[in-house]
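Just below is one structure, and these are the notes that go with it.
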Amino acid sequence: MKTKYLDKKKWRRLVRSKYDETILTYQNEKILAGMIHMHKVREPLTVPVVGEDTLVVANNFKWMQLLPEKRNYSITVMYDERWQEIQYYFDINYSHTLELGKARREDLYLDVLVLPDGRYELVDEDDIKRAFKKGIISEEEKDFAYKTARALMNEIDKDFSQFKTLAASCLKELKKLM
């Protein structure tokens, strides 16, 4: 498993950035919400998402990261410079810690990428298989990651708008800090 911090302070792609975070409550669940403002980046980043080349990092883009206390995934909602949604990136996690200034998650390598229209794909299966083969994660952790991803994809199929509503509510609260 990899421990990943939300603030991205060590991410070399960022030349100048700002990070804000807060802990809020949404529908009786505690959520740590963090916002990375990418004022200046070394170079833009375009990645394939559901078969489309998608620009996810550029100057003045923002990433809102959400760690819901009762769920085994975190959500990164990526926005362009005009606050238009680019994608929803779900990291499957074994656990996460909602601690201001040290928010982190135990990443299980498997991810679900979702476009704003609800189309999605499961990604990084090679990474989880490699981690399992190298003994970095156990078979139980690998099975847990796949079970969590399947349940998440079922939720997306059933009602993706719930994630958009969650993101909009958290964004509204984070903007009060900016």
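Figures for the structure shown
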{"item": "Whether the chain is rounded, prolate or oblate, judged on the alpha carbon gyration tensor where a/c under 1.5 counts as rounded", "result": "rounded"}
{"item": "Net length gained if the chain between D143 and E155 were fully extended (0.36 nm per residue, minus Cα distance)", "result": "2.5 nm"}
{"item": "Prolate/oblate/rounded call for segment 101-178, Cα gyration tensor, a/c under 1.5 rounded", "result": "oblate"}
{"item": "Segment 2-175: relative contact order in percent, alpha carbon pairs under 8 Å with at least 6 residues between", "result": "18"}
{"item": "Spatial separation of Cα centroids for segment 7-79 and segment 106-174, in angstrom", "result": "15"}
{"item": "Greater than 23 Å apart at Cα, pairs in K4/K142; K18/K176; K10/K142; K10/K62; K62/K164; K147/K175", "result": "K10/K142; K147/K175"}
{"item": "Exposed-site-free run, longest, the chain (rule: GluC sites (Glu not before Pro); DSSP loop; at most 16 other C-beta within 10 Å)", "result": "100-178"}
{"item": "Longest DSSP-loop-exposure-free segment, trypsin sites (Lys or Arg not before Pro), the chain, at most 12 other Cβ within 10 Å", "result": "135-175"}
{"item": "Segment 36-127 shape via C-alpha gyration tensor axes, a/c threshold 1.5", "result": "oblate"}
{"item": "Phi to ³J(HN,Hα) by Karplus 6.51 cos²θ - 1.76 cosθ + 1.60 over segment 118-124, Hz, x for Gly, Pro", "result": "x, 5, 9, 8, 8, 10, 6"}
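Bear in mind these aren't lab numbers, they're just calculated from the coordinates by the rules spelled out. Since the structure is predicted, the reported quantities are computational estimates derived from the model, not experimental observations. Note: ideal-geometry Cβ built from the backbone for every residue, glycine included; neighbour counts use all protein chains shown.
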